[in-house]
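Everything below concerns the one structure shown next.
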Amino acid sequence: MHANNVDLYKLVRMNNFSEVTSFLLSDYYGMKDLKPLYFCMFLILYITIIVENVALIWVVYREKHLHEPMYLLLCNLAVNGLYGGSALLPALLSIMLSHSYEISLSLCQTQIYAIHTFVIIEFTILAVMSYDRYVAICHPLPYHALMSQKLVKLIIFMWLFPMLAFLIVFIFTLQLRFCNRSIEKVYCANFLLVKLACTDTSVVNIIGLLSVGVYALPQLIMIFYSYAHILRICALSFGKSGFKALKTCTPHLLAITNFSIGCFFEIAQSRFNIRNLPYGVKLFLSLYFLIFPPILNPAIYGLGIQSIRVQLFKHFSRKSKQVRMM
């Protein structure tokens, strides 16, 4: 009799979980009392991301002497910043204007793919940029020849690899059906969506954990290998030349640190389920990796690299003069 009841319960669940076509993003309820303030803040952040990254891309595109490997890689970082910001903020602003705080299954899955590929692409671009610094400092004479030959292949790799690598894992999530619909976030995340499945997800969880190594290990090896050799060369080059070479790496190291901090914040507050944090702190930690790298990267490189800084100041001073003349 008990076995029959269990079979009946499973049958009911099998019939019901196919009906879940939307999810409730419950963390939006924490914004309820200050919704206009949060909306204006996120709108300003999104506009800032667009303006900064488009300005950086425009400066590099416009100035022919900036058509070098390092600056072209920087443009790819800016494009990914636009991609990551657009994966989160338009949907976030739209949901804030609604009263249900729901997101459809298809939009949730699209957002998961966009956010996760943004993270992998960001890390891959930073790894390729570390290789660029390694070649520039350790092999300065053949630098342009080496990077010019490899640049197109590297750019294709740092976009295509993350897109395909995550898709292979995400296919398993796409096959799941769901009987729960509450997500404790303001955006969709793959591991949270998997938790809502009614079927056994142990295989999906194991594949997800193994995939982290595939997404991160090659990039980590590239970064550590590059900087190990850079530090060795700089240590051997006593005096101003070694210091100057290391100084060219400062913007890149700041970008890696900033992104790593954001990823650590997200992992800490999500995976370890820290519930006693104030709502604002929890929201900041969960969104840092999606908002602040796209905002700070253009500022770090725009102010840290003289050739870009000069062009930006020249352009904006010219614009301000034109406005005054009008």
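Rule-based calculations on the coordinates, nothing more; no lab input. This one's a predicted model, so the numbers in the text were calculated from it and none came from an experiment. So basically every Cβ, Gly included, is an ideal-geometry build from the backbone, and we count neighbours across all protein chains shown.
General observations
- When each of THR21, THR124 is scored by the number of other beta-carbon atoms lying within 10 Å, the sequence from fewest to most is THR21, THR124.
- Multiplying the residue separation of THR250 and SER22 by 0.36 nm and subtracting their alpha-carbon distance yields 77.6 nm.
- When +1 charges are put on Lys and Arg Cβ atoms and -1 charges on Asp and Glu Cβ atoms, the dipole computed for the chain relative to its Cα centre reaches about 1100 debye.
- Computed over every Cα-Cα pair of the stretch 156-227 and binned at 5 Å starting from 0, the pair-distance distribution P(r) comes out as 3, 14, 21, 20, 17, 12, 8, 4, 1, 0 percent.
- Of the residues CYS188, CYS138, the one with the fewest other Cβ atoms within 10 Å heads the list, and the complete ranking is CYS138, CYS188.
- Taken over the stretch 146-266, the convex hull of the Cα atoms encloses 136 Å³ per residue.
- Principal axis box of the stretch 25-163, alpha-carbon based, largest edge first, Å: 60, 28, 21
- Spatially proximal aspartates and glutamates relative to LYS314 (Cα-Cα < 14 Å; intrachain offsets below 8 disregarded): GLU63
- Radius of gyration and Dmax over the Cα atoms of the stretch 123-187, both given in Å: 19.1, 61
- All Cα-Cα distances of the stretch 2-325, cut into 10 Å bins from zero to the largest, leave 5, 22, 29, 22, 13, 5, 2, 1, 0 percent in each bin in turn.
- Cys residues of the chain that find no other Cys beta carbon under 4.7 Å: CYS40, CYS75, CYS138, CYS234, CYS249, CYS263.
- Considering helices alone, the calculated mean residue ellipticity of the chain at 222 nm is -27500 deg cm²/dmol, with DSSP H runs of length four and up weighted by -39500 (n - 2.57) and normalised per residue.
- Sorted by Cβ density within 10 Å, fewest first, the residues TRP58, TRP159: TRP58, TRP159
- Förster-model FRET efficiency, 35 Å R0, THR257 and ARG177, C-beta, rounded to 0.05: 0.30
- Hypothetical label at TYR29: residues of the stretch 172-213 whose amide nitrogen lies under 17 Å (7 Å Cα-Cβ projection): 180-187
- Linear extension gain, ARG62 paired with ALA268, 0.36 nm per residue minus alpha-carbon span: 70.0 nm
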